[in-house]
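*Asks:* Got a structure here, written out as structure tokens. Questions coming.
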């Protein structure tokens, strides 16, 4: 299995191809590729991303069947089952890079901001459980600058939520903490731009070599 730094370089290169419309295509999902990974898998990166239909991780990073272990949930939140999914991939497959991938114009972030500023106290309990996971990362931002313009608030909120989820993975799991301390696991935060197609690895990522 490749190192976290090499895996990150592979993601950066793939996203550049995607954003510049120079994707590889070809062998990413052929019959031969599917057969080659049918018996086992060795994903080189774990992606905890949002369920938004506009952010398919394999396409965003120009990767194929078997390359990425992708976990998708609205708002790229971290809950016990999601931590367990990351732990499973990191321990079972030796994957040493975890990316928490948020994105611009995130609906879960917008819903949480609306609930903080104008509490409704109604709606689905299941959706509320997502909002409640996002809320702590956003409340301080709203309280500090309650009158700031919406686009700026959204951008700050998206990144605050990504940082919160990444920190939770770094410090909320004994298994992941041990892999970080002793075996080269790297957990980083990133934001995908719906407008440009580019991913900015802004939290905890080493600079490109």
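The values are calculated or read from the model by the stated rules, or taken from the named source; none is laboratory data. Just so we're clear, the structure is a prediction, and the values are computed from it rather than from any experiment. Positions of Cβ are backbone-derived with ideal geometry, glycine not excepted, and every protein chain shown enters the neighbour counts.
*Asks:* Would you tally the residues in region 178-201 being over 11 Å from the mean Cα position of the chain (by Cα) and either under 26 Å from residue 13 (Cα atoms) or surrounded by 15 or more Cβ atoms within 10 Å (Cβ to Cβ) (or both)?
*Replies:* Residues flagged as over 11 Å from the mean Cα position of the chain (by Cα) and either under 26 Å from residue 13 (Cα atoms) or surrounded by 15 or more Cβ atoms within 10 Å (Cβ to Cβ) (or both) within region 178-201 amount to 13.
*Asks:* Please identify the pairs in which a residue from region 183-209 that is touching a residue at least 12 places away in the same chain (Cβ under 8 Å) and at positive phi has its Cβ atom under 6 Å from the Cβ atom of a residue that is surrounded by 12 or more Cβ atoms within 10 Å (Cβ to Cβ) and assigned to a strand (DSSP E or B), counting only partners at least 6 apart or on another chain.
*Replies:* 204/188
Listed here are the residues, each with its yes/no results for (1) modelled with pLDDT of 95 or more; (2) surrounded by fewer than 16 Cβ atoms within 10 Å (Cβ to Cβ); (3) under 15 Å from the mean Cα position of the chain (by Cα).
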position	(1), (2), (3)
7	yes, no, yes
34	no, yes, no
47	yes, no, yes
60	yes, no, yes
91	yes, yes, no
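*Asks:* Yes or no: residue 81 surrounded by fewer than 14 Cβ atoms within 10 Å (Cβ to Cβ), out of contact with any strand residue (DSSP E or B) (no Cβ under 6 Å at 6 or more places or on another chain) and modelled with pLDDT of 95 or more?
*Replies:* In short, yes.
*Asks:* In contact (Cβ under 8 Å) with a residue 12 or more places away in the chain, over 18 Å from residue 55 (Cβ atoms), surrounded by 13 or more Cβ atoms within 10 Å (Cβ to Cβ) and in contact with a helix residue (DSSP H, G or I) (Cβ under 6 Å, 6 or more places away or on another chain): is that true of residue 135 in this structure?
*Replies:* The answer is yes for residue 135.
*Asks:* Listed residues 120, 164; which is touching a residue at least 12 places away in the same chain (Cβ under 8 Å) and at negative phi?
*Replies:* Numbers: 120 fails: touching a residue at least 12 places away in the same chain (Cβ under 8 Å).
Unique residue meeting the criteria: 164.
*Asks:* Just to verify a result, which residue in region 19-32, among those that are surrounded by 12 or more Cβ atoms within 10 Å (Cβ to Cβ) and within 26 Å of residue 198 (Cβ to Cβ), is modelled with the lowest pLDDT?
*Replies:* 29
*Asks:* Name every residue in region 144-160 that is under 18 Å from residue 48 (Cβ atoms) and either at pLDDT below 90 or touching a helix residue (DSSP H, G or I) at 6+ places or on another chain (Cβ under 9 Å) (or both), in order of residue number. Spell out how you get there, then give the answer.
*Replies:* Residues of region 144-160 that are under 18 Å from residue 48 (Cβ atoms), as a first pass: 157-160.
Correct list: 157, 158, 160.
*Asks:* Only one of 141, 116 is buried (at least 17 other Cβ atoms within 10 Å of the Cβ), under 24 Å from residue 200 (Cα atoms) and either in contact with a helix residue (DSSP H, G or I) (Cβ under 9 Å, 6 or more places away or on another chain) or modelled with pLDDT under 95 (or both); which?
*Replies:* Details: 116 fails: under 24 Å from residue 200 (Cα atoms).
None of the others qualify; the one that does is 141.
*Asks:* A further question on this structure: Over 26 Å from residue 2 (Cα atoms) and at pLDDT 90 or above, is that true of residue 163?
*Replies:* Judged against the criteria, residue 163 is not a match.
*Asks:* Kindly provide the set of residues from region 25-61 that are in contact (Cβ under 8 Å) with a residue 40 or more places away in the chain and out of contact with any strand residue (DSSP E or B) (no Cβ under 9 Å at 6 or more places or on another chain), ordered by number.
*Replies:* 42, 59
*Asks:* Is region 163-171 home to any residue that is under 26 Å from residue 88 (Cβ atoms) and more than 18 Å from the chain's Cα centre (by Cα)?
*Replies:* There is no residue in region 163-171 that is under 26 Å from residue 88 (Cβ atoms) and more than 18 Å from the chain's Cα centre (by Cα).
*Asks:* Could you please give the count of residues in region 170-182 that are in contact with a strand residue (DSSP E or B) (Cβ under 8 Å, 6 or more places away or on another chain) and touching a residue at least 60 places away in the same chain (Cβ under 8 Å)?
*Replies:* Narrowing region 170-182 to residues in contact with a strand residue (DSSP E or B) (Cβ under 8 Å, 6 or more places away or on another chain): 170, 176, 180.
Of the ones still in play, those that are also touching a residue at least 60 places away in the same chain (Cβ under 8 Å) are 176.
Number of matching residues: 1.
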